[in-house]
Amino acid sequence: MLGIVVALSRELKSLTRQTIAVGEWKAITGNTLVALSGIGAERAYAAGSLLISQGATALLSWGYAAALDERVSAGCLILPERIIGSNGEIHRVNPEWHRRLYRTLERKHPVRTDTLAESNAIVKTSAQKRALAKRTQAAATDMESAAQARLAKEHGLPFIALRAVVDTLSTDI
């Protein structure tokens with residue numbers, strides 16, 4: 001059973017029309033559970049744990065990302081092969097699942113497999129994005145995927161992240 005963790009309700013709208021309260025979950029198909037976590041690693045970890053307690057046997061981190069590389073444009077999909085946690089820990093996604101999903105997505109959308117870096121706070125300025133990129137060599141950042149990767153590893157479950165870039169390197173929030 002697939003467990004998908006989404007941080008924000010506006011990210012959830014790109015996945016389902018169902019509404020889910022923060023901290024809650026719903027089955028959106030017979031074999032897919034979705035939890036709305038709220039922002040941040042701690043909440044994402046808790047939401048993933050909730051999905052596992054409901055029978056999830058694989059985890060997917062779904063939502064938005066910020067570009068850290070000028071070659072990554074808004075609307076681009078990031079399907080990272082690895083995720084760098086804020087503590088420097090490197091998490092690898094499930095390689096077979098990654099290959100299958102990449103083949104499916106690349107036919108319809110621009111997809112990048114660059115590294116995704118965890119941020120402990122919203123990266124608001126171009127200068128902050130450049131600093132994170134310099135420190136991690138990552139092409140994009142989010143706040144939840146590394147927590148999902150840690151949780152999946154702890155439980156011996158396959159994990160993958162899929163993020164859509166919403167703000168470019170030059171976008172200040």
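The values are calculated or read from the model by the stated rules, or taken from the named source; none is laboratory data. All of these numbers come straight from a predicted model, not from anything done at the bench. Heads up, the Cβs are rebuilt from the backbone with ideal geometry, glycines too, and the neighbour counts pull from every protein chain shown. The area values use the complete protein model at the heavy-atom level, side chains included, leaving out ligands, DNA and RNA. Shrake-Rupley method; radii C 1.70, N 1.55, O 1.52, S 1.80 Å.
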Looking only at region 97-117, count how many residues are assigned to a helix (DSSP H, G or I), open to solvent by less than 80 Å² (accessible area, probe 1.4 Å), without any contact (Cβ under 8 Å) to a residue 60 or more places away in the chain and out of contact with any Leu (no Cβ under 7 Å at 6 or more places or on another chain). 1
Restricting to region 118-129, give me the number of residues that are over 16 Å from Val166 (Cβ atoms) and surrounded by fewer than 16 Cβ atoms within 10 Å (Cβ to Cβ). 3
Residues in region 79-90 that are open to solvent by 10 Å² or more (accessible area, probe 1.4 Å), outside any loop (DSSP other than H, G, I, E, B) and in contact (Cβ under 8 Å) with a residue 40 or more places away in the chain: how many? 1
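Looking only at region 30-41, count how many residues are open to solvent by less than 70 Å² (accessible area, probe 1.4 Å) and free of Cβ contacts under 8 Å to residues at least 40 places away in the same chain.
Just the residues of region 30-41 that are open to solvent by less than 70 Å² (accessible area, probe 1.4 Å), to begin with: 32-38, 40-41.
If we keep only those that are free of Cβ contacts under 8 Å to residues at least 40 places away in the same chain too, we end up with 32-36, 38.
The number of residues fulfilling the criteria is 6.
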Is it the case that some residue within region 166-173 is open to solvent by 80 Å² or more (accessible area, probe 1.4 Å), in a loop (DSSP other than H, G, I, E, B), touching a residue at least 12 places away in the same chain (Cβ under 8 Å) and touching a Lys or Arg at 6+ places or on another chain (Cβ under 6 Å)? yes
Go through region 148-165 and give me each residue that's under 14 Å from Val93 (Cβ atoms) and either among the small types (Gly, Ala, Ser) or not in a loop (DSSP other than H, G, I, E, B) (or both). Gln148, Ala149, Arg150, Leu151, Ala152, Lys153, Phe159, Ile160, Ala161, Leu162, Arg163
